[in-house]
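Worksheet for the structure shown next.
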């Protein structure tokens, strides 16, 4: 099974963990997968783990994803935005410019949002 991720993570999965089929996508690059009459286009999106430049240098890169589903050769029927483990920062505005609409979003807010108080069991 192929693993699509950021280039840094793809290398680490291959070298350290022995995954054989990894692909690293740089920000704003995409890849289209097809099966039968359906396709999904995955585009790597911007993300950032830390606000301070020194901390950013210590943490691995972040990749958000836009998945666009539809028939081969047809229009997109559904867009799914997956934020990745990112902080909110000005660079995320570019996502809205490139993809003005999404049907569903999966937001990883974990401990990086001070307003997050709910716990799961």
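Just so you know, all these numbers are worked out from the coordinates, no wet-lab data involved. A quick note: this is a predicted structure, and the numbers were derived from the prediction, not measured.
Computed on the Cα trace of the stretch 1-56, the radius of gyration divided by the Kirkwood hydrodynamic radius gives Rg/Rh = 1.08. With contacts taken as Cα pairs under 8 Å at a separation of at least 6 residues, the chain carries a relative contact order of 18 percent. Expressed in units of 2.2 N^0.38 Å, where N is the residue count, the Cα radius of gyration of the chain is 1.16. Calculated [222 nm] ellipticity per residue, helices only, for the chain: -4500 deg cm²/dmol; basis is -39500 (n - 2.57) per DSSP H run with n ≥ 4, divided by all residues, nearest 500.
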